[in-house]
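One structure below.
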Amino acid sequence: MEQRPRTVEGLVTVAATQFVPATQFWNGKPVFLTGHTGFKGSWLALWLQHLGANLTGYALDPPTEPSLFHKADVAACMHSVIGDLRDRTRLTSSMQNAQPEVVFHLAAQPLVRHSYADPVGTYETNVLGTIHLLEAVRKTPSVRAVVVITTDKCYENKEWIWPYRETDPLGGYDPYSSSKACAEIVTSSWRDSFFNPARYAEHHTAIASARAGNVIGGGDWASDRLIADIIRAFSTGKTLEIRNPAATRPWQHVLEPLRGYLTLAEKLHTGGTRYASAWNFGPRYTDAQPVEWIVRYLSAKWGTATKWKVDSHGHVHEAQMLKLDWSKAHAALGWQPVFSLPEALDYTLEWYQREQAGARARELCLEQIASYSEKLATVS
Ligand SMILES: NC(=O)c1ccc[n+]([C@@H]2O[C@H](COP(=O)([O-])OP(=O)(O)OC[C@H]3O[C@@H](n4cnc5c(N)ncnc54)[C@H](O)[C@@H]3O)[C@@H](O)[C@H]2O)c1
């Protein structure tokens, strides 16, 4: 009997082999990346530089001190523009000067707790900023592929055990999560209204959004991020205060979703509209662990005595249970996580400990990108 192709929203599924970002595609490719001074943006910029992309970044100054952006000298091999997403004229002219074929939109106000302190600024950057970005794309005909990065928190959180799928309702209790759900709706509207797949021959632009989990990795110095808080406390011998020991998150090494974004961009560029939709890039399902599990794991591995306690006073609402279903990315992009959570934590810990011992941040990142790429080539 003839076998019918299995499909995911009309996408023919592919063999479950890992898709490795290819130098042949990225070498010399003009790419515009917002948020290149941030944690994930710095890693993505370094990876794109490693692949030979002709890279322009657009972001505010690094949000932390120290920052991976400065420590790894990210600006060295790219054109770095320090600018505000809210400045539509500057954003548009910067994109037009770069004439990119691929756009990655990572710049955002990304912290839940800060969004309670500055909800208006959070919506201005995350919602209006996304509108400005998509309007700049409309005025830059060179663009073929756009990946808008939102978050796992864009789903209406039902505090249940099941992972969220791309088709689940969007929502958001806190201003950050809600602003990212809004950014998803904006992206979908601009795709329908101005980059409609049915009219691809007129605009030649395919737009997708990507939702990843809580990323970990070397070089994150943000406040209110678990790994950064742990490293700060353990390195100085201070007592770590954890707010929410039972909160379960889809933890993943930063390179995992970045590979998802690179894969998606390449597919959008070469496969056009077939991939123009929303995508989850989450960790293995067993790797959604509570905060306390992470603290105990890193404490046991740290090497010297560590102290931690639960600080349960006066905290704002944060989701307790959050998992992502990445079956669609697996079936249609050939993407799946390759690190277990312990491996992701080991990579992260090694990065910080070697950096503290004097290794250069740029070399550490490039070394980890290379060894991750080697691992990918061996996993099927
Ligand atoms: N870190 C995580 O665990 C995580 C999880 C899911 C999604 N995300 C998303 O990934 C993206 C990157 O997150 P990150 O962890 O690297 O954050 P980050 O705070 O390290 O970096 C944010 C970047 O956005 C830039 N930025 C902020 N406001 C801006 C503005 N008004 N104009 C221009 N640039 C501005 C900053 O300068 C910086 O380059 C964000 O969109 C975030 O929502 C992060």
Going by the conditions given, is VAL20 hydrophobic (A, V, I, L, M, F, W, C), within 12 Å of the ligand (Cβ to nearest atom) and touching a helix residue (DSSP H, G or I) at 6+ places or on another chain (Cβ under 7 Å)? no
Only one of ALA222, ALA233, ALA208 is farther than 28 Å from SER189 by Cα, aliphatic (A, V, I, L, M) and either open to solvent by 40 Å² or more (accessible area, probe 1.4 Å) or more than 9 Å from the ligand (Cβ to nearest atom) (or both). Can you tell me which? ALA233
What are the pairs with Cβ atoms under 8 angstrom where one residue, in the range 346-368, is assigned to a helix (DSSP H, G or I) and the other, located anywhere, is of a type in the set (Ser, Thr, Tyr) and open to solvent by 30 Å² or more (accessible area, probe 1.4 Å)? Sequence gap at least six, or different chains. TYR352/SER235; GLN356/SER235; GLN368/TYR347
Please find, within the range 326-344, the residue that is surrounded by the most Cβ atoms within 10 Å (Cβ to Cβ) out of those that are closer than 18 Å to ALA288 by Cβ and touching a strand residue (DSSP E or B) at 6+ places or on another chain (Cβ under 7 Å). TRP326
Looking only at the range 89-134, which residues are of a type in the set (A, V, I, L, M, F, W, C) and open to solvent by 20 Å² or more (accessible area, probe 1.4 Å)? ALA98, LEU106, ALA108, LEU111, ALA117, VAL120, VAL127, LEU128, ILE131
Going through the range 40-87 one residue at a time, which ones are within 8 Å of the ligand (Cβ to nearest atom), crowded, with 18+ Cβ neighbours inside 10 Å, of a type in the set (A, V, I, L, M, F, W, C) and more than 20 Å from LEU364 (Cβ to Cβ)? ALA59, LEU85
Per-region count, the range 346-380, residues of a type outside the set (Ser, Thr, Tyr), under 17 Å from the mean Cα position of the chain (by Cα) and within 20 Å of GLY303 (Cα to Cα): 0
What about ALA361, is it open to solvent by less than 10 Å² (accessible area, probe 1.4 Å) and touching a Phe, Trp or Tyr at 6+ places or on another chain (Cβ under 8 Å)? no
Over the range 251-270, the set of residues open to solvent by less than 20 Å² (accessible area, probe 1.4 Å) and either under 19 Å from VAL31 (Cα atoms) or assigned to a helix (DSSP H, G or I) (or both) is LEU255, GLU256, PRO257, LEU258, ARG259, GLY260, TYR261, LEU262, THR263, LEU264, ALA265, LEU268
With GLU292, GLU266 as the choices, which residue is farther than 30 Å from VAL146 by Cβ and of a type in the set (D, E, K, R)? GLU292
From the option list GLU135, GLU166, single residue qualifying as in a loop (DSSP other than H, G, I, E, B) and touching a helix residue (DSSP H, G or I) at 6+ places or on another chain (Cβ under 8 Å) is GLU166
Testing THR239 on (1) touching a Phe, Trp or Tyr at 6+ places or on another chain (Cβ under 7 Å); (2) surrounded by 17 or more Cβ atoms within 10 Å (Cβ to Cβ); (3) at pLDDT below 95, one condition comes back false. Which one is that? (2)
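The values are calculated or read from the model by the stated rules, or taken from the named source; none is laboratory data. Predicted, not measured: the structure shown is a model, and the values here were computed from it. Please note: Cβ atoms are built from the backbone with ideal geometry, for glycine as well, and neighbour counts cover all protein chains shown. All accessible areas refer to the heavy atoms of the entire protein, side chains included, with ligands and DNA or RNA removed. Shrake-Rupley method; radii C 1.70, N 1.55, O 1.52, S 1.80 Å.
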